[in-house]
Each structure stands twice: as structure tokens, then as C-alpha cells.
Amino acid sequence: MSRGQAVAARPPAPAGETHRASLLRGMTAIRLFEERCVELYSAGMIRGFLHVAIGEEAVAVGVMQALTDDDSIVSTYREHGHAIARGVPMDSVMAEMYGKVTGCSRGRGGSMHLFDVGRRFYGGNAIVGGGLPLAVGLALADKMQGRPGVTVCFFGDGAYAEGEFHECVNLAALWQLPVLFACENNLYAMGTALHRAQAETDLALRAASYGIASWPVDGMDVLAVEKASRRAVDRIRNGGGPCFLELRTYRFRAHSMYDPDRYRDKAEIARWRERDPIDLLVRQLREDGELLGEDLDVMTAEVTEEIDLAVASAEAAPLEPVEDLTRFVYSEAEVQ
Amino acid sequence: MSITDDEARAMVARAVRRIVPDAQVETLASDADLRRTFELDSLDFLSFVELLVNDSGVRIDEDDYPDLTTTAGCADLLVRRSA
Amino acid sequence: MPSLGADMDSGTLVEWLVHEGDTVHRGDPMAVVDTDKSAIEVESFDEGVVESFLVEPGTRVAVGTPLAALAPLTGATAEAAERQLPAPARRPPARKHAATRPPAEPGPSTAARPRVPKPRVPVPVGAPPLRHHAAELGVDLTRVAGTGPHGEVTRADVDRAAAEARAGARPERAPVRPETAPVRPVARGTQVSPYARRLAEELGVDLARVSSTGRDGAVRAEDVRRAAEASARPPSAPVEAREEAPAPGAGEVPGSWERSARATIAALMSRSKREIPHYYVATTVDLSAATEWLRRTNRERPVSERLVPAALLLKTTALAARQHPELNGFWADGRFVPGEDVHLGVAVSVRGGALVAPAIHHTADLDLGEVMAALRDLVKRARAGRLRRAEMADPTLTVTDLGDQGVEEVIGVIYPPQVALLGVGRIVERPWAVDGMIGVRPTVRLTLSGDHRATDGATGARFLNTIERLLLHPEEL
Amino acid sequence: MTTATVGTVETTYREAMREAIREALREDDRVFLMGEDVGMYGGCFAVSLGLLEEFGPERVRDTPLSESGFVGAGVGAAIAGMRPIVEIMTVNFSLLALDQILNNAATLLHMSGGQVHVPLVIRMTTGAGRQLASQHSHSFEGWYAHIPGIKVIAPATLEDARGMLWTALQDPDPVLLFEHGSLYNMSGTLAEDAGHVDIQRAAVRRPGRDLTLVSYGGSLSKALDAAETLAVEGVDAEVLDLRSLRPLDDETIMESVSRTHRAVVIDEGWRSGSLSAEISARITEQCFYDLDSPVERVCSAEVPMPYAKHLEEAALPQPETVVAAARRAVG
């Protein structure tokens, strides 16, 4: 897996596409990619665990707008959206889920452990809260070596209850580290609703107690997410210390493919679907005349084709030779 | 402290089983000759006496050996000596 | 000098916080001490006036060394001290582990700047072009299968292709494989498994003559059994003479171990009868002195050290063997080889019929208590199958005591390559004439089997007489 | 559970364990179940499905994702007289609570000079084989079996899944109960009145003469498969189910090995410093003079468990690798 891959490997946006239209394209890409994953999982082509973020696309796309090549990302096992929004090529993500050697983790990580060091995407983490210490470490290294990077750490309301969250936010605040704690609060930690896990459910309010800037954000409005993310990242870059964003969002599907979703009532899901992030933006673009006639259909078709190509290349790609089983357990000579 | 007859018999059974692990002690008649039944040679018998002494705390000399041929005999001696 | 840490045995006085003549109270800090971990203020545990400093700043002293001399408070200074003393200042309890206070920095304090590591220049994006690397190794890039993202050829692929091209020339040393492949012990020469080695002892098989059929070249139990059976059959004997193992189900089939042990003894005894011209001499010995002595001795000994007659017989036999060395050794290559000391073999019947004769080493040098302990230990281990190699290998003369089994006389077969065997019967009350008078005495019948190639009956007879004489004075053993 | 023939029921390992928990909750009001998603969600592996509805939120308690927090709370409750059953969703997350398990649960009795008892049962799912990749496929029984002060058991059969929990709950000291993730769907018949079983003795699951296969938990079925293959080749293998990993039942192990003279130990842990290493050392120490060949070990390859199926299978002990090891042992 060579290092220093060029960042933008997605096909370039068509000339003249407005910024907001590109946000729509980004969210649509994630939505269609994950819906395809659900199909492929059900067909047995993708195995193990699969956690999709359908409904939370605004968070991934919105936050990524504020980041540059120098910034780092640490994610969770619900990471496809973050990876794709960061520019990890769809075919290498799909190949990874097929367990192929051309996958972004050589088929060894699977859906929960996507890595692309060239794009400073430091992987998903399957231990809830497990990524927080990594993010703090990355930010510490950036700060000590005078690099301008900001590290974004995605985690959920579940991780908020982990001891590691407390330890890491406190540490970042204490050492004024350039970390954006992006809490994707989708109201459920697997089967446990927020109010059954947290005595005080206003997560942004409690995060402020660590002496860091902390705002709640409408996680279904990509523009609001982008605005808040830019404001937070700029503050961090100018030495304002770590920030906490409580991105209030919702996942339309179950925790994972295994989850019978008995713990949520349907009415609540329906209510949140009325604020589907893609529909919200489409409606706004139509009102402002930035999205005409069948522009949306054209965009959808282009994205679908990109996904078809990714699936085809994943199916055709080779497996890793079994003799390589023990490689990379220790770093090999040529890796500088 | 004095030893009851049952305790004494249990001690004898335990001692025999320690010397001859597969000995059928439960079904043994209380007047059967221990040495002949379990083929105890002089060393085995000495270990048997040693186990009884350690378990019961009672003093047993070579002159007592004639009383120790059967389970009943052993038990009586232990009970008598510990009273 | 107080101890300020579990692992502290000495300390260095850094500075005094008081002056000679000052009045100090309990708990007042008097000096600063360095404990290798940190500098700590030391307090006074007494009241008094500082009379003199016994240790100069900068010197290291052992814990417990007095640092200063305090004069007791005199009348005047005592009241003065009393008055200014606030309510009795309770000395803060000594913290279990020394309170590490920030060191009193003598000079202008330069807060130690966290050492900023030399910034590591990130590797320039785009290592040396792959083409150049491939050219160096003489690898044609077009024919290399890429394993990088979307099929891209990586440096590792080039290296692998180059390695395959050089397939002919073996790399001098295989790269060290991390902890993955289990290292298989390769059998060099005739390696022998522990169980096979033990079986060889028991079956009297000479391992040097056993070839391995195991895949990894090691000699295993099966190989030893096959060798034992082969040597048990005298080469000339027709095949059918070899009796088959009893058909299973015919009564209690001895376990495989017993069957093999039986085969061992069969082999050994047949060889003994085939090769050794036995002669036998016997005598009956009066044991009254010995048994009387035993009874008196045992009364004073705890039960765990009580002696049995067999111990007495072993000791006397060992002493006799010392006096008649021609009976204590081996017959090898047509001549007698004397044993370097007396190691008496004790024939032990193991439950289930097998018979082994392990040795008590240097029997003649042991006192009766030691012989007794050795005997008990040996029998216990023999029956548990835990005999050591040496014990099995080299008894110099064997004693078979079947008294417990109730027989009066034992005429035994010698264990090759030994040259003698003493058979001991049961202790029996017999009518006995002493000075013309008839009495009843405890007696035992001793029978010596001798190898006529090594000794004659006369030697055997002298050996038995020596044993008899020794038994008349047990107290001297 | 459905009633099959008279006196037995058709059931699964998951249902047997659920019945064990239900019995404990019903029979002893000091018992309560605590863990992530054990209530509303019904348990990550559906072991505690329905228990919240039957016993209520006080006795079947969902927790925030704070392993160190709620395992430590379990220790405290046990000290204060409760008999908690703490479920750590998988052994992989138990690392977050290792400090509570080792430094508190295992150590308090000794530290307190015998005053403080911790009658706590911690249940964890363990093992690999379901393509859950490196962070969800660990097998740390050997680590925990290293710790003095706790007992470690591994039910591999329906009887043990049904009968071990109650015995563990009676134990005054902490007991860690490992359920291999691949066993939950195992189905079979179980006596209707299947009762409580001992948790200290190993069991001979298949008597044999020529060598001893030592296994436990998820590896037992692989050992039994290997034994059947070996039987066809004329090698009669004895299969031991350790059942208790701490303390190890040396007596049963050594009795078997001293009879068969050969041993293969199967363990899903990584070879270096694994439980199989300990067992092999003990066999060499106690049965040296009975060994006709070196003790063989079949363990996981020393790599973080890969996701791709063919790589995971190559990494894990398999019946074929057990048979190969057995052939080496028989020589």
C-alpha cells in the first residue's frame, strides 16, 4: 500500500457545479454506496459485521469540507461515509469488504477497519471509544512538530459513556491539542437509547465542562454542519484548543445487519426521515434554482455508475496469497 | 479425645486404601485377615501402622501387632487406646 | 537520617534549615535530604536546642546516622519554648511513602523545557520511482502482478519478482521468521524417547543395537519392544517356539506395560539359565539375638523410623559382600569384573506380577536407619513406576526376600550380568539345640545362588557364615 | 425448548445458558444480570432474550458502554452480598475491564487477609471463526487462567452450558465463564432435569489408547472430528475436555497421557505463552518418563486475526492440523 497517494481520487465534479451541489453529490454517493453494501451483504458477498450510516450523511460530508490534506481523521466502525467523503476511492473500500488484496487494508480490515494513510484516514475502530486516544496522540504529534494539522475524531453517543472519552477530552483540553471531537449523536448506542445511558443527555453542555468550545449542531443539515465545522476547525487552527461538536443526527437503519432493531418505535424513525439530509438540501437547491429539472437524476446516474465500476473491480480483484498471512505482523524492511 | 468405633473403622479403611489404592475395603468382613487379603508385606504393614498412628494420635508398638490382624481388632485398639 | 522510601538505605544531606543554637520543636523542618528520587524536608522528632551539626551538607550517610545533636531545653529556654508553643502541634502522620516535595531549586529555576524531539522530516511523497528500483534489480515491470490498491505494482511486488528470478541462488540465511512456525526437534543420530529409554531398561534391551522405524528417526517404545522380543527368542529356536501372548479375554489380561515387563523377565531369566552354571549353598541362621535387639530398638524409635528384619538382613549382606568381593560384581567378556562398591539389588514384586530389582547404592556405608528409609522409598517408587535409570542399571548383588510371601526357602536365579543372588525365606520358630539343650528359636533360611564361572561353593559358604556371625551381634551394625 | 423423547428436550447452547441464568435469577434473589444491551436488546448474542420482561429492569440491568465502570460495580455489589452475573459482551472488550478483574476481583480476598469475598461470575463470549477481524476475534482464556485468585471455566457442551453457572455462583471467589461464539447455535438433546455440574474436573469425551487430544471450549468439536479421522487410520485417540482452565485438572490429564504416552494440545490462543504452553510444560514435568514423542501443540497463527475467510481459516486450529500433529506424535 504505497504512501502519499494523491487525495482527490473521486472523478472530478462536472465543471460549473456549485459548491452546494457538490455537497449533494457527496451525500448521494454515500447513500447509494451504503445501500448497495446492504444488498451485497444480504447476498452474502460482504461478511462479518456491517454498520451503515444511512441518514447521517450530512455529518460526514459537512465536517470534511472544513479539512485540508494536512488534517487527520480517526473514525469508528460506522465509517464508510467518512472514508468516502474524505476521498478514499470507492473501489478500494468495496474491495476491502470483499476481502480482496486490493482493498484499502489488503482485505484484512473489512468494513470496520478501513485505512488510507496517504489520505491520513487512520481507520475505523471496532472498540467503542477505542479511537479517541489515537486522535489525541495524532494531534499531540502534529502540535509538537509544528504541523498545522487538525485531527478529527468521530465517535458516537455510546462512546460518550466510555471512561476513555473522559480521559481523552480532558487530556486534549489540558494540553490544548488540535482535536475536533465530532460526536455523532444518533440517539442510540446499539440498543440503548441515550436517555437510558446518560443521566444528562445534553452532550454539548457536558462537554463544555472540560473548558472547551462546545456546540450542538443540527446533524441533518449539511450546510449547518459545514458552517459549524469550519468555525470549529478555524478556532482550533488559530490555537483555540480542542472543540466539541454534538452533531445531532439519526440512523434510519438498525445498528448493524444483525440488529432486529426492537428498541426503537417506528413512529420515531418516520419522524426523523422527514428531515432526511439529502431531501432537505434538494428542496433548498430547487428553491434557489441551483438544481433544475433532471439534474438530480443525472447526478444519481453518474454516482450509480461509479459504484457499479467499484463493485465490478472488487469482484475481479485477486485474493491475498495465504503465504502472506504472517506479513506485516512486524514492519517489513522496505517500509521507511 | 476419644475415638468412636465408626471413626476408627474409617481410619483403618483409609489407611488400607492409601497402601492398596484399588482395595475393596467397604465389602471387607470386619474379621478378615488384612495382611493376607491385601497381600501386605512387612513394609506395607509398617506403613499401615504408621498411617493409623498419624491419623489417630494413638501409640502402637510391635507388641500390639497381633491385635491388628483384622479391621475389628484395629478399631478396638484405637478406641481402647484413645479413651 | 530517616528512611524516606521502601528502597532507601542511605541519603545525602543537602542543606540545613536551622542554625546552631536555634530552638526546635517537634515537627519543625530541620534539613533537606536527597533520597536519589527527590529532595525531601526532614523534620525534628524532638524538642531541644541545636547544639552541633554532626554531618556536613553534601555528604551521603546511611539511614539512621545521627545528623545533629540537640541539647535538652534548659529551664529558661523550656518555659520560653512552652509559651510560644501553640496547642500541642500534632506532627502530621508520616506519609506511608515519602512526600515528594518539589526540590528547593538553589539557582534561578530553569523549568526543564519538555525536550522537543528533532522534527522527523516526513518521507518526501513519491519514493524513488519504481521504474528505477526495478531496473536496478533487473525486473521487467510489465510482467509483475501488482498487489497495491487497484492493482498498482508496489515496491514489495518488485522485490518478490526479483527474488523469484534469483530462485536458483539460495539466499545464504533464511530471514528470521517471527514467532510463527513451531521448531520441530530433528532427531540427530539415534535419539531415544524417554518412555523408550525406560522400557529398554526394564526389558534389558541394549539401545545401541535398536534401529528406529519412526519417521523422524527417533527410537520409540515400539522399536524397543520389537528388539526385546527378538532377543528373547534364541536365534536358533524355531519360530513356533515363541509362545503367543494370552488371547485377550483369557482371565485378566495384564496391561501392555505388564505384558512387556513379563517379556523382559522371561528374556532375562532364560539368558541366565542358558549362560550361568548355577551352584547353590544354604544355611539356617538363629535370629534370636537380632529379633530381640530389633524389638528393644523399635520401642525407642518413632513409628516412622521403626526397622523391619529385612533391613537388618540387607545391611549384614552388604557388609559380607564387602568382605567377599568376588561375589559382588559382573561376568562380562569371559571374566569377572568386580563392582566398584556394594550396590545391593532388592527384588520387589510390583502388584500385577512384574518383578524389578533396583539397587540401594553404597549399601554397606548406610546405617540401619538409612537402609530402612532407602528400602521404603525404593519399594514405593518401584511400585509407582518411577525408578531412576541408575537404580535399574547396576546392582552388584541381588537379595530376594520372599519371607512375607510365606516360603521358608528361596533358591533363586541370578540376574545377569551379576554373579550371585541371596534368597531369604520366612522367619520361622524352629526347635534349636544350644549347648545340648533343645529350645525354640526364631530362624531364617538363607540360600546363595552362585555363578560357578566366577566363584566356587566354598566362597558362597564363607559368605553365608560371615552373614550369620554378623547377625549374632546386631548392635555392632 | 421442545420436548423430544421422555425426559429430554431438544435445545441449543444459547437456550441452555439462558435457562441457567433464568434458574439463578428465580432461585436466588441476590442474583442479578448486568451488562451492555443485556435487557432491551436481549443480549448481543440473544442469550438474555426475554429476561428483562420476566425479571424487570432492577434484576436485568443494561449499562452504558463503560466496561471498567460496570465490571468494577459488579465487584462492589458482590462484596456487598449480591451474586452478580456480569456479562462482558466479548472477551475483546474485557481488556478495558482487565484492571477491575485482576487488581480488584482477583486480588481483594488476598489483600484483605481473607476478609473480603468476591462471589462474582463474569460471562464473556470468546474466540474467532466468524470473520469479525482482529479486534473481535481474540481468545484470552489463557491470559485470565494466569491470574491467581479467580477461577476460569469453559463450558463446551449443552450439559455444561446448563449446569456450570449455578455452581459458579455458589463459589465465594470470582469465576470467569467463557462461551465460545461458535457454540451458541449448537443444538442437541439435554435431560429435562439436567442439573448443576462440577466446575473443577476435566472430562474424557472419547476414550482412546494411542494418544491424548487435550482441548476445551470451541476447540472440543475440532478435536473430536480429528479423532474420527484418526480412527479410520487405525489411531485410537482419547479426547479430553478441560472444562476448567484454572485450576487445571492435572490428575486427569496426566492419568491419560501416562497411559497413551503421546499428547496434542489444541488451543485457539496464540502459541507463545498460551494455555497450551502451560499444559505442555506440566505434561513434560509430570509425565516425562512416559513420553514417547514431544508434546505437540496446535494453536492460532501468531497474527492479528484477518477478516478474509480463507486467511482466518488458515490462522485457526483446524481438524486437519490436529490430525497432522497427531501423526507427528504417533511417529
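The values are calculated or read from the model by the stated rules, or taken from the named source; none is laboratory data. These numbers were taken from a predicted model, which means no experiment stands behind them. Note: ideal-geometry Cβ built from the backbone for every residue, glycine included; neighbour counts use all protein chains shown.
Residue selection: D:Arg328 satisfies the criterion of being at pLDDT below 95, surrounded by fewer than 23 Cβ atoms within 10 Å (Cβ to Cβ), out of contact with any Phe, Trp or Tyr (no Cβ under 6 Å at 6 or more places or on another chain) and more than 14 Å from chain A (Cβ to nearest Cβ).
Pairing each residue of region A:128-153 that is without any contact (Cβ under 8 Å) to a residue 60 or more places away in the chain with any residue that is in a helix (DSSP H, G or I) and of a type in the set (S, T, N, Q), provided the two are 6+ apart or on different chains, yields C-beta distances under 9 Å for A:Gly130/D:Gln135.
Here's the yes/no breakdown for (1) closer than 27 Å to D:Phe140 by Cα; (2) part of a loop (DSSP other than H, G, I, E, B):
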| site | (1), (2) |
| --- | --- |
| D:Asp193 | no, yes |
| D:His196 | yes, yes |
| D:Gln200 | yes, yes |
| D:Val214 | yes, no |
| D:Leu230 | no, no |
| D:Leu248 | yes, yes |
| D:Met254 | yes, no |
| D:Arg259 | no, no |
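Screening D:Ala73 with (1) touching a strand residue (DSSP E or B) at 6+ places or on another chain (Cβ under 9 Å); (2) on the phi < 0 side of the Ramachandran plot; (3) at pLDDT 90 or above gives one miss only, at (3). Just one of (1) crowded, with 19+ Cβ neighbours inside 10 Å; (2) closer than 28 Å to D:Tyr184 by Cβ; (3) charged (D, E, K, R) fails for D:Glu228. It is (1). The listed residues are A:Arg120, A:Arg108, and the only one of them that is surrounded by fewer than 23 Cβ atoms within 10 Å (Cβ to Cβ), in contact with a Leu (Cβ under 9 Å, 6 or more places away or on another chain) and more than 21 Å from A:Asn185 (Cα to Cα) turns out to be A:Arg120. For C:Ser211, the conditions (1) more than 19 Å from D:His261 (Cβ to Cβ); (2) modelled with pLDDT of 70 or more; (3) outside any loop (DSSP other than H, G, I, E, B) all hold with the exception of (3). Meeting the requirement of 2 or more residues that are more than 23 Å from D:Ala20 (Cα to Cα), the helices (runs of 4 or more DSSP H) wholly within region D:98-186 are D:108-111, D:141-144. Residues in region A:86-101 that are part of a loop (DSSP other than H, G, I, E, B) and either within 21 Å of A:Tyr160 (Cα to Cα) or within 14 Å of chain D (Cβ to nearest Cβ) (or both): A:Tyr98, A:Gly99, A:Lys100, A:Val101. With respect to being more than 21 Å from D:Gln135 (Cβ to Cβ), surrounded by 20 or more Cβ atoms within 10 Å (Cβ to Cβ), among the hydrophobic types (A, V, I, L, M, F, W, C) and modelled with pLDDT under 90, D:Ala106 fits the description. Among residues of region A:102-123 that are within 14 Å of chain D (Cβ to nearest Cβ) and in contact (Cβ under 8 Å) with a residue 24 or more places away in the chain, those with a beta-carbon under 6 Å from a residue that is of a type in the set (Asp, Glu) and not in a helix (DSSP H, G or I) at least six positions away or on a different chain give the pairs A:Cys104/A:Asp116; A:Arg106/A:Glu320; A:Gly107/A:Glu320; A:Leu114/A:Glu79.
Looking across region D:44-60, the residues that are more than 10 Å from chain A (Cβ to nearest Cβ) and modelled with pLDDT of 90 or more come down to D:Val47, D:Ser48, D:Gly50, D:Leu51, D:Leu52, D:Glu53, D:Glu54, D:Phe55, D:Gly56, D:Arg59, D:Val60. Going through (1) assigned to a helix (DSSP H, G or I); (2) touching a Cys at 6+ places or on another chain (Cβ under 9 Å) one by one, A:Gly62 falls short only on (2).
Applying the criterion of at least 1 residues that are over 22 Å from the mean Cα position of the chain (by Cα) to the helices (runs of 4 or more DSSP H) found wholly in region A:221-336 leaves A:266-273, A:277-287, A:295-316. Tell me which residues, restricted to region D:285-316, are within 23 Å of D:Thr126 (Cβ to Cβ), touching a Lys or Arg at 6+ places or on another chain (Cβ under 9 Å), part of a helix (DSSP H, G or I) and of a type outside the set (A, V, I, L, M). Correct list: D:Lys309, D:Glu312. For region C:178-192, indicate whether the set of residues that are at pLDDT 75 or above and either under 30 Å from A:Leu114 (Cα atoms) or surrounded by 15 or more Cβ atoms within 10 Å (Cβ to Cβ) (or both) is non-empty. Scanning region C:178-192, I find at least one residue that is at pLDDT 75 or above and either under 30 Å from A:Leu114 (Cα atoms) or surrounded by 15 or more Cβ atoms within 10 Å (Cβ to Cβ) (or both), so the answer is yes. Given the condition within 14 Å of chain A (Cβ to nearest Cβ), crowded, with 23+ Cβ neighbours inside 10 Å and free of Cβ contacts under 8 Å to residues at least 40 places away in the same chain, answer yes or no: does some residue in region D:119-131 qualify? So far as region D:119-131 goes, no, none of its residues is within 14 Å of chain A (Cβ to nearest Cβ), crowded, with 23+ Cβ neighbours inside 10 Å and free of Cβ contacts under 8 Å to residues at least 40 places away in the same chain. Per the listing A:Glu315, A:Glu268, the residue uniquely closer than 30 Å to D:Met40 by Cβ, away from chain D (no Cβ under 14 Å) and not small (Gly, Ala, Ser) is A:Glu268.
Being over 22 Å from D:Arg61 (Cβ atoms) and away from chain D (no Cβ under 14 Å) is a description that does not apply to A:Leu132.
Note on region D:141-164: residues that are within 18 Å of D:Arg246 (Cβ to Cβ), surrounded by fewer than 24 Cβ atoms within 10 Å (Cβ to Cβ) and out of contact with any strand residue (DSSP E or B) (no Cβ under 7 Å at 6 or more places or on another chain) total 5. Looking across region B:54-72, the residues that are crowded, with 18+ Cβ neighbours inside 10 Å and not in a loop (DSSP other than H, G, I, E, B) come down to B:Asp55, B:Ser56, B:Leu68, B:Thr70, B:Thr71.
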